[in-house]
Every structure is written in C-alpha cells, then in structure tokens.
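Everything on this sheet refers to the single structure shown next.
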Amino acid sequence: MQKDTKTLEKIARLVRRWILQSTTEAGSGHPTSSLSATDLMVALMFGGVFRFDAANPQHPNNDRLIFSKGHASPLFYALWAATGAFPADELMTLRKFGSRLEGHPTMEFPFTEAPTGSLGQGLSVGVGIALNGKYVDKLPYRTYVLLGDSEMAEGQVWEAIQSAAHYELDNLVGIIDVNRLGQRGETMYGHDVKAYEKRIAAFGWQTIAIDGHSVSQAAEAFSMASKVRKKPTMIIAKTVKGKGVPSLEDKDGWHGKALKPEELEQALAEIGSVDESVRGAVAVPEEAELASAEAGPQPAPAFDKPISTRKAYGNAIVRIFPMFPDMVVLDAETGNSTYAELFKEAHPGRFFEMYIAEQNMVGAGIGFSSRGKIPFISTFAAFLARSYDQARMASYSQANIKIVGSHAGVSIGQDGVSQMGLEDLAMFRALHGSVVLYPCDGVSTDKLVEQAAKHKGLVYIRTTRADTPIIYDSNEQFPIGGSKTLRSSAHDAVTVVSAGITLHEALKAHDELKKQGISIRVIDLYSIKPIDEAILQKAGKETKAIITVEDHYPQGGLGEAVLSALRHAKVHVVKLAVTKMPKSGKPNELLDFESISQSAIVKAVNGIINPQYKSN
C-alpha cells in the first residue's frame, strides 16, 4: 500500500490521464465529474485503509466500493486499472459495443457491486451491504459509497441516511463529492460544505469535512472513519469539477462532454508529466470466516380452512427458512398486514424493519443480494409503485430478490383507491428477466414462495387481503411457468383464465353456468410470467373464446399476458378487468362494480354463446 503523499499524487495524475484519454476515445462520457473525485478515491483505495483482494472480487471480507454517481465510471474503471487488476489498454474500450466498461457500471465489470446511474440509489445498496456485514455475516468488511452533490437532492438518499443511523452502521462510509456543478448549473448548496454537515449530522452521522484535493487529508479522513463506532460516517469533500485541468476547472457546461482530440492534447499538457508504470497496491482483507448454515427440507403445512394469501406468505417464509438459511426479510412497517411479522417473531436476527421508505428498502435488498443473501421484501402492492425505479435497477443488478405486494386490487374493499395495487402486475411483467406469480389459496402461496426462493433472480408475488377457500391438495406442485386447469370437459364452450382473488369468482361462475347446461373451462394462471403458452393455445383451439378476469387494470395485466401468449393464434379474447375509478366499498360490491365478479363472468360467457343474451 502507498501511504506517502507523493506516490498517491503520482497515481492520481495517471488516473486523470486515463480518464481523459478513455472518454476522448469513446467520444462521450463524464470526464469532469470523474476528475473532481480522483484525489478522494485514490486516497481511499491506495492510502492503506481500503482492503480488497483484486484477484478475488467475491472474497467475503473485501471492503465494498459503490459509485452512486455512476456517471463517474471513467474514474471507477481507471482506479481498478491502477491496481493492475486488468490491462490499462482496456480503458480505451470505454462505452464501445461489447466492452465490459459500459457508460455506467454494470455487472459485466467484475468490481461492480450493483449497477448505478439512476442517481440517489447507491447509498441504499450500501446500507444493505453494511446491514449484512454487521448483523448477518458479522464480517469485518467496510462499505464505501461515493455520492455526487447533485444526487443529495434525491429523497432516497435521506431515506438511506436515516436507516443507516437507526441501525448504527459504523461499517458504512459515505463520501460526497461537493464539486458545486450539476448537469445544468450549480447544485442546491453549491460549495456550502457546512450546509451538508449540518443536515447529515442532524440525522445521527459522524461528519468529516475536508479539502477533497488533499490526498493527505482524504487519507486521514478515511482512517478516522474506520475508528468511528455506533454511527455511520459521511466524508464531505469540497472539490472542483474538472480538477487537474485548469482550462476545465469549475467551468459550467462541461457536464457529460468528452474532449475533442485537439483539446485532449492541451489537457494532457496541463496535467503534466505522468509515470505510466506506476500502480497502486491495495491492502489485503482480513481472513475472518463466513459461517455456513446447513439447509434442511421442511414439510409442507396442512391447510384445513380458508386463509388469506398474505398470511399464507408469512407462514411460508417462516417454514422455508431452514431450507434457505441465506434468507433475510425486509418490510416497510406493514408487517402486521403483510404478515412478515411472523418471520420477525421466529427469526428476529434476520428481519429488518425498513419503515415507510420503500425506495431504500428495495435498494437495501439489492445490497443484501450482492452479498449472497435471498431478501424477501414486502409492503402493500400500491406502494411498490414508488420503488419501481429501484426494482428496475435490481433487474439490471441480476439481483436475487423476491418482492411481495399485498392488498392488491379492489377486493381490499373499504380502504379505497389509494391503497389498491392495480398496476403492479404490469410493472413487474415489464422488468427484464422477472418472474410474476399470483397465488389463489394457502397451498399455492406456500408452494410458490418456496419456488421463488429456489429461483435465482427477481420474483414478484402478488398476495391478497381476504381469506380464500383452499382448493388445492397439499401435494400439488406449482412450477414456475405452469398453470392449473381446474375445470374442464369435452364440451367446454368457453375458457375462463384467471388468478388470485378472481379465480374463485370464476369457479363460482362455472358452477352457476353448469346449472344452465353450459360447460366452461377454468384455468388458474398462477404464473403470469413466464406464462404457460401451451395450455392457453390448447384452450384457444378447443373452446370458442377465452375470457380473462383480473383484479387489476387492463393495461399490462393478466389479460394482456394471455393476449401476448396467443399472438399467433386466431382466438377471440374478452378481457374483464378494473376499468372504472375504484372507490370504497365491500369487496363483493367492488368486484360487481368493476364487472369482474361471478355474475360478470356468467354474463360474458352467455354473451359469447348467445349474442342475444340479456342478464336479469
């Protein structure tokens, strides 16, 4: 490791040279935002405090480094090149198709903890990683997060700041690059470092203000931060955008602009002589052991009476924990409604109350996942809308997270429209690589929660408020991508496809129509993504039409998933979904009001069979 100032300054000049050269070669990028944080990050990585085995990025005791200001990726990549972890020539592939050095860090680059670039999210990821280190794995690694001053306007940053203080995360260090200039001008507080100090200290953090271009001050600040106990530390560094190139320093209008070749030549001359051979050594991590837990099978429970799928979820995560000892559960102060509280009671050391801060909760889940955990994250489905960007970034992180939205649809009743998740299926279907599951009873919920834990990747499970009858035997299996044909005959006129709460309406409609001499097929489409195309196409061939029924808006929900699966088939599809502005009322009143109830299904079936049909 290099603790002497002169060596750190030599590395910083080389890193600056690489930043300018790589962005000019790419023809785009954020060189000035990278230059402002160069001295800070060189002091961290090569000043003796940061511990990392570059030959083994997944070493459990490695310190973790997150660039929340992901647009400073030229600096991020150059730092790792300066360790000798990969050839410096690769820096010239920045932003080129096929390069692992993308415009903002992604998982293609082996030293990326989580993709960043959607500003304001990195500190939450850091919170999850730090929570894991302190309370779950109990390992000595520290987590460092570089933040831009512009992103300090994001509410999620302050959610993370509160959460870190609450959990006394003394293994978490934030670093604010206060370079004054944002994308289009001055930031909210400009160079007023005291404004940041006052606000962050008020939340319970240790604050250290420094000159961000003094490598000695920065190295000392990181050393001080490593000694702080029972609170996180924020290093607030006053910097200059474009530092090291006087013609660019503190100049507005240079955000996200690469230098032209002729400008590069001048800039390199301003940096001065550079030792191209200098490299930095990083301190070696400690060799503390990561405890391993034995996984064991758990018998499926017996269901002898109706139960809500939300409560079945709570029971399921308790049941499967011995099978998946890497599980953690996060909830947004709704645990007595999502029934995540059952897990808290059984395994308090693996439950984390994230309070009403859904964005931070999902971000922390990404952090847990990056350390090999399986986070189950729950709140009301409606409130997941505000953490959708975080879920989007989770998909790009290839995060192994399970998100559970309860109280979905108008069937929650009297609470009213603000509490009704009616967009959630569309949101999660749209995410790359996601799985979307919608159980209808206690058995299917229990089995699908277990399937979600087994699946590597992002899974969304939709649960509902009301108790529903048990319709499946406890031995029934529910593979992801499957469906269940619950009613069928050789004379089925129409197929009704549903899931969750409206599946029970479809079964009641089947019984009523049977009295009228009409046979219908009923399919439980519990896996909405991936979808059972084969069974739907078979139904399309064997029946006159398909009716989809869902307690969700028609855009992007179950009905559109079915239409997509039947895109090459000549099948008449009728969608019954929530189309009116919902309101408070009893669940059965609202299902009738939105025409997704038993009577609405009966009417739709008769309308297809007999266009002259009129209901009473």
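Numbers for the structure displayed
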| read-out | value |
| --- | --- |
| MRE, 222 nm, helices only [DSSP H, n ≥ 4, -39500 (n - 2.57), over the chain, to nearest 500] | -10500 deg cm²/dmol |
| Footprinting exposure proxy for VAL549, VAL573 (fewest neighbouring C-beta atoms within 10 Å first) | VAL573, VAL549 |
| Nearest-ten-degree value, helix 533-542 long axis tilted from longest Cα axis of the chain | 30 |
| Beta bridges by DSSP in the chain, antiparallel share as percent, to the nearest 5 | 10 |
| Cα lying deepest toward the dipole's positive end in region 307-468, options SER308, PHE368, ALA408, charges on Cβ | PHE368 |
| Region 243-252 - phi-based ³J(HN,Hα) in whole Hz, Karplus 6.51/-1.76/1.60, Gly and Pro as x | 4, x, 10, x, 5, 10, 5, 6, 9, 6 |
| Amide hydrogen neighbours beyond the local backbone of LEU65, cut-off 5 Å, H modeled | TYR144 |
| Long-range amide H partners of THR116 with built H, under 5 Å | none |
| Degrees separating the helix 598-609 axis from the principal Cα axis of the chain, which is the longest one | 70 |
| Sites LYS454 and ALA490 - FRET efficiency at Förster radius 45 Å, r taken between beta-carbons, to 0.05 | 0.80 |
| Flagged links, alpha-carbon separation over 24 Å, of LYS344/LYS402; LYS69/LYS257; LYS515/LYS583; LYS344/LYS484; LYS402/LYS447 | LYS515/LYS583; LYS344/LYS484 |
| Two-site label geometry, GLN537 and ASN610: point separation in nm, points 7 Å out along Cα→Cβ | 3.5 |
| Label-point gap, in nm, between LYS544 and GLU186 - each point 7 angstrom along Cα→Cβ | 7.3 |
| On Cα atoms only, tilt of 5-26 relative to the major axis of the chain in degrees | 50 |
| Where GluC sites (Glu not before Pro) fall in DSSP loop in region 306-377, at most 12 other Cβ within 10 Å | none |
| Anisotropy class of region 307-468 from Cα gyration tensor, a/c 1.5 cut | rounded |
| DSSP-assigned coil residues among trypsin sites (Lys or Arg not before Pro) in region 522-616, each with at most 16 further Cβ atoms within 10 Å | LYS544, ARG567, LYS570, LYS580, LYS583, LYS614 |
| Selection from LEU536, LEU437, MET427, by position along the positive dipole direction of the chain (Cβ) | LEU536 |
| Spin-label pair SER584/ASN56, simplified geometry with 7 Å Cα→Cβ offset, distance in nm | 6.0 |
| Under 5 Å, built H, 5+ apart or other chain: amide partners of ARG487 | VAL522 |
| Net charge, GLN58 excluded, C-beta distance under 14 Å - Lys, Arg +1, Asp, Glu -1 | -1 |
| Options (i) 38.7; (ii) 76.0; (iii) 29.4 - which one matches mean projected area of the Cα convex hull in nm² as calculated here | (iii) |
| Calculated diffusion of region 400-553, Stokes-Einstein form, Kirkwood radius summed over Cα pairs, 20 °C and 1.002 mPa s, µm²/s | 134 |
| Under the Karplus curve 6.51 cos²θ - 1.76 cosθ + 1.60, θ = phi - 60°, whole-Hz ³J(HN,Hα) for region 83-99, x wherever Gly or Pro sits | 7, x, 5, 8, x, 4, 4, 5, 4, 6, 8, 3, 6, 8, 4, x, 7 |
| Lys, Arg +1 and Asp, Glu -1 on Cβ, resulting dipole of the chain about Cα centre, debye, nearest 20 | 1000 |
| Under the Karplus curve 6.51 cos²θ - 1.76 cosθ + 1.60, θ = phi - 60°, whole-Hz ³J(HN,Hα) for region 308-323, x wherever Gly or Pro sits | 6, 5, 5, 6, 4, 4, x, 5, 5, 5, 5, 4, 8, 3, x, 7 |
| Within region 167-271, trypsin sites (Lys or Arg not before Pro) in DSSP loop having at most 13 other beta-carbon neighbours inside 10 Å | ARG184, LYS227, ARG229, LYS230 |
| Theoretical gain in end-to-end length, LYS251 to LYS138 [0.36 nm per residue, Cα-Cα removed] | 36.2 nm |
| Spatial separation of Cα centroids for region 547-616 and region 47-70, in angstrom | 53 |
| Residues VAL125, VAL136, sorted so that the one with the fewest Cβ neighbours within 10 Å comes first | VAL136, VAL125 |
| Tensor-based shape of region 65-199 (alpha-carbon gyration tensor, a/c under 1.5 rounded, otherwise prolate or oblate) | oblate |
| Per-selection Rg to Rh, region 484-609 - Cα, Kirkwood hydrodynamic radius | 0.94 |
| Furthest towards positive pole of dipole, HIS166, ALA600, SER118, structure part the chain, Cβ charges | ALA600 |
| Gain on full stretching of the segment that runs from ALA201 to GLU270 - 0.36 nm per residue minus C-alpha separation | 21.0 nm |
| Which of HIS432, HIS59, HIS510 has the fewest Cβ neighbours within 10 Å, and the rest in rising order | HIS432, HIS59, HIS510 |
| Cα-centred dipole magnitude for region 545-616, charges only on beta-carbon of K, R (+1) and D, E (-1), debye, nearest 20 | 220 |
| Computed magnitude of the charge dipole of region 361-428 (debye, nearest 20; Cβ of K, R +1, Cβ of D, E -1) | 340 |
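Laboratory data are not the source of any read-out in this text; all were calculated from the coordinates shown. Since the structure is predicted, the reported quantities are computational estimates derived from the model, not experimental observations. Using ideal geometry, Cβ is built from the backbone for each residue, glycine included, and neighbour counts are taken over all protein chains shown.
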